[in-house]
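Shown next, in structure tokens, is the structure this report addresses.
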Amino acid sequence: ESDTASEISFQFNKHKKTPSIGSHSSDMASVSSVSGSVLSVYSGDFGSVDAQGTVEFALDYDEKNREFQVHVSQCKDLAVVDEKKGRSDPYVKTYLLPDKARMGKRKTSVKKRTVNPIYNEVLRYKIEKMVLLIQKLNLSVWHNDPLGRNSFLGEIEVDLASWDWSNRKLNWYPLKPRSLSAVNGVDHRGVMNLSIKYVPPGSLGKMCPKNPPSGEVHIWVKDVKDLLQLRPSGVDSFVKCYVLPDTSKKSYQKTRVIKRDTNPVFNHTIVYDGFHTEDLKDACVELTVWDHEKLTNHFLGGIRLGLGTGLSYGISVDWMDSTQEEVAFWQEMMSATNEWIEGLLPLRSL
């Protein structure tokens with residue numbers, strides 16, 4: 001059924017009440033610091049004020065240092081968020097789209113009690129020019145709320161492929177409202193096509209030579225569609241798999257790298273044994289897609305298959321956060337043992 005396969009024995013230590021949730025691989029640690037920010041790029045109270053005003057900025061690319069620079073000068077006539085006090089506490093935030101996770105956000109300082117803030121700050125991105133030219137710059141203005149309920153004040157989006165790079169002057173641009181279509185579609189990272197199967201211990205009968213003494217979870221990673229294109233030639237992708245709460249090498253598996261393809265076909269099967277039926281409610285299969293480069297791998301998106309309860313063996317964990325689609329997929333596997341369950345699940349920030 002697949003051209004590559006791997007099998008690994010996996011034992012849950014149910015007596016130890018401190019799962020190794022802090023021992024993520026270095027790649028996962030590198031994205032955990034920005035994943036919260038990525039999810040917040042379109043969070044906030046969009047309906048509280050109407051976008052208005054202008055922003056002054058300039059763009060430049062430093063060839064010597066291979067650095068993209070956004071010089072944020074100032075804003076004028078921003079919307080007032082707190083009408084009773086007649087105040088806004090604005091700051092400017094930038095992303096390179098569509099690849100927010102890789103580059104992260106940049107933001108200016110917060111200027112309090114003003115609708116005409118002056119920043120004179122430079123936001124910098126270390127990025128190759130050819131990669132930059134297939135991206136868009138999203139520059140947005142926000143009111144900073146002490147409780148974290150920041151309000152959107154307006155934005156502008158720049159297609160960097162058509163930008164006049166000889167223009168290094170500061171210019172004024174009108175801030176625009178955000179469209180609902182942009183909000184809903186911003187985090188599209190691709191779709192994973194896979195099948196999973198649970199084989200309970202002893203369920204195949206005594207006469208079956210492959211009857212597992214303990215349960216097995218089979219994961220068949222077929223293909224991924226519509227990955228983020230990080231460079232003109234495409235993307236060199238592979239899939240990592242962990243069974244949480246174990247983030248050690250014992251549960252780590254990965255596919256081969258498919259080069260220069262935003263629709264890679266992996267056709268790779270992973271089998272974890274040592275799974276008892278009761279473990280299924282406390283474990284989570286994490287599948288993440290990465291772009292392979294010599295110096296570092298870049299996170300593209302992932303899924304987490306589990307019950308999404310927020311708990312693992314009675315302990316609160318942040319990785320037990322499966323979406324409704326992922327939970328339904330896992331539950332179908334649990335109820336239809338010994339059968340392949342096929343699914344098409346959207347990749348997301350983790």
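Odds and ends about this structure:
- For Arg231, the stated conditions do not hold, so it cannot be described as under 18 Å from Ile341 (Cβ atoms) and under 19 Å from the mean Cα position of the chain (by Cα).
- Only one entry of Leu305, Leu344 meets the criterion of being within 23 Å of Val224 (Cα to Cα), of a type in the set (A, V, I, L, M, F, W, C) and open to solvent by 50 Å² or more (accessible area, probe 1.4 Å), and that entry is Leu344.
- Residues located in segment 217-238, provided they are among the charged types (D, E, K, R) and surrounded by 21 or more Cβ atoms within 10 Å (Cβ to Cβ): none
- Any chance Pro117 is under 30 Å from the mean Cα position of the chain (by Cα) and either farther than 30 Å from Gly234 by Cβ or assigned by the TED database to the domain that holds Leu295 (or both): no
- Top-ranked residue of segment 193-216 - restricted to ones that are hydroxyl-bearing (Ser, Thr, Tyr) and at pLDDT below 80, ranked as surrounded by the most Cβ atoms within 10 Å (Cβ to Cβ): Ser214
- Qualifying residue in segment 291-302 (condition: in the same structural domain as Gly202 (by the TED database), open to solvent by 50 Å² or more (accessible area, probe 1.4 Å) and under 11 Å from Ser237 (Cα atoms)): yes
- For segment 239-270, taking the residues that are more than 22 Å from the chain's Cα centre (by Cα) and either among the small types (Gly, Ala, Ser) or at pLDDT below 90 (or both), the one that is most open to solvent (accessible area, probe 1.4 Å) is identified as Lys249.
- Lys169 satisfies every condition listed in (1) modelled with pLDDT under 90; (2) in a loop (DSSP other than H, G, I, E, B); (3) out of contact with any helix residue (DSSP H, G or I) (no Cβ under 9 Å at 6 or more places or on another chain) except (1).
- Annotation: of all residues in segment 90-99 being more than 21 Å from His143 (Cβ to Cβ) and open to solvent by less than 10 Å² (accessible area, probe 1.4 Å), the one that is modelled with the highest pLDDT is Leu96.
- Of the residues making up segment 118-156, those that are in contact with a Cys (Cβ under 9 Å, 6 or more places away or on another chain) and closer than 19 Å to Lys169 by Cα number 2.
- For the residues Val110, Val55, Val122, Val70, the requirement of being part of a strand (DSSP E or B) and open to solvent by 10 Å² or more (accessible area, probe 1.4 Å) singles out Val122.
- Remark: pairs (first residue in segment 156-179, among the charged types (D, E, K, R); second residue open to solvent by 50 Å² or more (accessible area, probe 1.4 Å) and in a strand (DSSP E or B); Cβ separation under 7 Å; 6+ apart in sequence or on different chains) = Glu157/Lys136; Asp159/Lys136.
The values are calculated or read from the model by the stated rules, or taken from the named source; none is laboratory data. Only a predicted model underlies this, so the values are computations on that prediction, with no experimental measurement involved. A quick note on method: Cβ atoms are made from the backbone with ideal geometry, for glycine too, and the neighbour counts reach across all protein chains shown. The area values use the complete protein model at the heavy-atom level, side chains included, leaving out ligands, DNA and RNA. Shrake-Rupley method; radii C 1.70, N 1.55, O 1.52, S 1.80 Å.
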